[in-house]
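Remarks on the structure that follows.
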Amino acid sequence: MKNRRLPIVLLLVTIMFASSCKTKPGDVASLYNKKADSIIKLMTLDEKIGQVSLFTSDMSLTGPTMRNDYIDLIRQGKVGAVFNAYTVDFVRNLQKIAVEETRLHIPLIFGYDVIHGHRTIFPINLGQAASWDTAMIEKSERIAAIEATAEGLNWVFAPMVDIARDPRWGRVMEGAGEDTFLGSLISAARVRGFQGSSLSDNNTVLACVKHFAAYGAPQGGRDYHVVDMSERSLYEWYLPPYQAAVDAGVGSVMTSFNEIAGVPATSNRWLLTDLLRDDWKFDGFIVTDYSSLNELIPHGVASDLSQASELAMNAGVDMDMQGSAFLTQLTDLVKSGKVSEETLDNAVRRILVAKYKLGLFDDPYKYCDKKREAEEIMTPEHRSFAREFVAKSCVLLKNNNTLPVPKSARTIAVIGPLADSKMDMLGFWFGAGQFDKAVTLVEGIKNKVGSTVNLLTAKGCNVNDNDLSGINQAVSTAKKADFIILALGENFMMSGEAASRTDISLPGVQMELAEAIIRTGKPVAVVLFNGRPLAIPKLDKMAPAILETWFGGTEAGNGIADVLFGDVNPSGKITMTFPLNVGQIPIFYNSKNTGRPINRENPYEKFKSNYLDSPNTPLYPFGYGLSYTTFSYSDIKLNKQSFGGTEQIIASVEVKNTGDRDGEEIVQLYIRDLIGDVTRPVKELKGFMKVLIRKGETASISFTIYPKDLSYYHQDMSYSYDPGDFELFIGTNSTDNKKTEFSIID
Ligand code: NOJ
């Protein structure tokens, strides 16, 4: 704090507001706006353009570094925020330049991709979603925010809430899966976790919901590709999770790389201004994705960077990530009147207000606390929560009386290319996570069994090449064991950004390894590591047990071992459909019936909506996941059969734990609107409940929904529900459930 000087005028402005305004919560926004305006009045055009420019720092082997030309720009007041810069000393040095060497002493914001943890890395987001546990998800973001702020950060490029129905797209690992209802709840939970109860606290971060909008629907699952869909699908399926983040108070929004119906998101005035600001009342700032402003040129809507900048700023973009476009073009654009100074001022105000909210004007070094950096990162509490979260994200896909590993197993072989691969445990977007601190499956099992078990290991093959030479040795290792754990899947680089695949089966020769090991006739449990649903029908047929573990993060091996050895009974359920084959994609549970629905008795009947060579049904449906115990569902009871428009619809079931151990079940409620103004999905998730049911006990579960929860966009795009008949389903996944009917009478 010493050496910090505020210019006299700013100091006066600050004192004036501090003394004259007794702030009620509702007044804070207007107070910050006024404060920001008083600064804007002092700013030169160059300084304003600086505030709307964001640049990256780099990472070298010794830690973060910053290009000299960017440091010069900071010194000239031409940078508003920096990303990828963290660790207290590094951030403090950059902040010092901004605060002490620039004319107006405006602090920088520091952003980073904190996607599934900062230093303590949690399971990838698709795995977290499989827990259906919004409280745990919120807590994981709270921890991520504590760790990130302890290292100088105050802005995270998360949550990513893109709904995705195409597992070829590598970025499905970052999202919550295919369902809008669940995705919206998770979106809000993440914002709450990051932003806490007040952005002015020193351990909360400004969240940035992304990628606005519909980035998760690229044609062919190819990253950055065109998105083209009906307005109705956009509103109904893709937009709600972003809106949920806005409603939860998210402080910033990131535009997406894609176009929507011909207009790139970054120059889309309808999306950024009419919808986001005017309809949804978003009052934070909008940042582009990395150079997405410059990409308006190859998109073919701007002939040069000047036009691209004009389009983006007039569409509603406030900050340019890494493009240098605003920095180099806005002076001329404002002088020529193509971008009004008022538009630029509005952008600057939103960014300054964020800095006020974060408390950076009060103390620009508030996130630069060496003590916190030493004490609040990767604490035993954070790691133990991470371990618990790994276990909660695991999904048991198949189990023929194989798992948990029997206590009688004295020699266990852990085989496969992912058995002991530290590099692959964290998954893509591992933030500041460290591979060397990650627990592999072999390590987790060793931690669990100690010296009570003879542990053998063999790699067998690599993740993704054609080398069969290790398989024989793996087979002889397997033959010596009482039980085999086979770790297969993708490496961590096969999902994430720019990691789309056309073939989503097990890569390389892993299926050959699996066949050879399974043919030994020994009990085998496959442990899958992957960032997307895989098409693995053959593995499903052959393997006695399959546990989906995604990429679990720092505590991966320990959390998986907890499940494998029965200390935790798996309860996760997949939130993206696993297809039988790539040809079925897009395949998702809330599809339409069509005019020629498949004949279930004769799935290959001609002139029905089906394939000649594949069933329509997936390998594992949305919401699917097994337990070491079993649950049986009673028939559904409704409080009434028909309901007026404001009446509660209460649906109840009894769920009995019919197995021999306690277990958690995620009870799911789906609805079908039988006749609509436009066609309606065959099922839509409208509620769920995760309950612990002790062995032999029965839980009474009831859901309350209202007719308004059944609203949808009609032909005229009005949003309402229909009187008429509905089907209601409650069950263990989207296909295995009990059914009843009800009607709405007005
Ligand atoms: C590009 C990615 O699309 C986005 O999600 C990320 O936040 C930025 N790069 C910054 O790293």
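The values are calculated or read from the model by the stated rules, or taken from the named source; none is laboratory data. On a predicted model such as this, the values are computed, not experimentally measured, just so you know. Cβ: placed from backbone, ideal geometry, glycine included. Neighbour counts: every protein chain shown. Protein only, heavy atoms only, side chains kept; ligands, DNA and RNA dropped before computing areas. Shrake-Rupley method; radii C 1.70, N 1.55, O 1.52, S 1.80 Å.
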_Could you tell me how many cubic angstrom of Cα convex hull volume the chain has per residue?_
173
_Relative pair counts by distance (%), Cα atoms of segment 505-550, 10 Å bins_ = 26, 63, 11
_At q = 0.09, 0.12, 0.15 Å⁻¹, base-10 log of I(q)/I(0) for segment 374-582 (Debye sum, equal scatterers on each alpha carbon)_ = -0.31, -0.56, -0.90
*When the Cα centres of segment 273-299 and segment 46-69 are compared, how far apart do they sit, in Å?*
21
*Kindly provide log₁₀ I(q)/I(0) values, in the same order as q = 0.29 Å⁻¹, from the Debye equation applied to equal alpha-carbon scatterers of segment 87-144.*
-1.13
*FRET efficiency estimate (nearest 0.05) - Cβ-Cβ, residue 656 to residue 704, R0 25 angstrom*: 0.70
*Could you state how much accessible area residue 642 has, in square angstrom rounded to the nearest 10, with a 1.4 Å probe and all protein chains kept in place?*
40
*On a C-alpha basis, how far is the centre of segment 85-159 from the centre of segment 592-664 in Å? Whole number, if you could?*
40
_DSSP-defined antiparallel bridges as percent of all bridges, the chain, nearest 5_ = 55
*Taking the simple approach of a point 7 Å from Cα along Cα-to-Cβ for both residue 739 and residue 473, what is their distance in nm?*
5.5
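Roughly how many percent of the accessible protein surface of the chain is carbon and sulfur, given a 1.4 Å probe and a whole-percent answer? Before the final figure, lay out the partial values.
Values: 13810 of 27680 Å².
Carbon with sulfur: 50 percent of the solvent-accessible area.
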_Can you give the FRET efficiency to the nearest 0.05 for residue 100 and residue 222, using r as the Cβ-Cβ distance and R₀ = 56 Å?_
0.75
*q = 0.26, 0.30, 0.33 Å⁻¹: log10 I(q)/I(0) that the Debye formula gives for segment 702-746, counting C-alpha atoms only*: -1.02, -1.10, -1.16
*Going 7 Å from the Cα of residue 498 toward and past its Cβ, which residues in segment 320-335 have a backbone nitrogen under 20 Å from where you end up?*
321-325
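May I ask you to order 536-543, 164-171 by the average number of other C-beta atoms within 10 Å around their residues, highest value first? All intermediate terms of the calculation are to be shown ahead of the outcome.
Details: 536-543: 18.2, 164-171: 25.8.
The most tightly packed comes first, giving 164-171, 536-543.
I need the peptides 572-578, 307-313, 582-588 ranked by packing, meaning the mean over residues of other C-beta atoms within 10 angstrom, with the highest value on top. Walk me through the numbers before you get to the answer.
On the way: 572-578: 27.0, 307-313: 25.1, 582-588: 18.3.
Put in order of decreasing packing, that is 572-578, 307-313, 582-588.
Loop only by DSSP, 12 or fewer other Cβ within 10 Å of the Cβ. Give me the trypsin sites (Lys or Arg not before Pro) in segment 244-343 that pass, ordered by residue number.
Details: sites: 269, 277, 281, 335, 338; in loops: 281, 338.
Filter output for segment 244-343: 281.
Using the 2.2 N^0.38 Å rule of thumb for compact globular proteins, work out how segment 629-744 stacks up: its C-alpha Rg over that value, please.
Details: Rg = 15.4 Å, N = 116, 2.2 N^0.38 = 13.4 Å.
In units of the globular-protein estimate, segment 629-744 measures up at 1.15.
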*Could you pull out every one of the lysines with an alpha carbon less than 27 Å from that of residue 480, ignoring same-chain neighbours closer than 8 positions?*
398, 407, 422, 446, 448, 459, 522, 538, 541
_Which order do the peptides 678-690, 284-296 come out in when sorted by mean C-beta neighbours inside 10 angstrom, highest first?_
284-296, 678-690
*residue 614 versus residue 447: modelled label distance in nm, points set 7 Å from Cα along the beta carbon direction*: 3.8
*Can you work out the accessible area per residue across the chain, with the rest of the protein chains kept in place, probe 1.4 Å, in square angstrom?*
37
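Just by accessible area at a 1.4 angstrom probe, what is the order of 190, 103 from largest to smallest?
Values: 190 10, 103 130 Å².
Order by accessible area, largest first: 103, 190.
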*Taking only the alpha carbons of segment 43-368, what extent do you get along each of the three principal axes, in Å, biggest first?*
49, 43, 37
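Beyond 20 Å, how much of the Cα-Cα pair distribution for segment 259-387 remains, as a whole percent? Numbers along the way, then the final one.
Details: 4534 of 8256 pairs.
Pairs farther apart than 20 Å: 55 percent.
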*Given 4 °C and 1.567 mPa s, how large is the Stokes-Einstein diffusion coefficient of segment 612-688 in µm²/s, with Rh as the Kirkwood radius over Cα pairs?*
82
*So what does residue 173 come to for accessible area, using a 1.4 Å probe and Å² rounded to 10?*
0
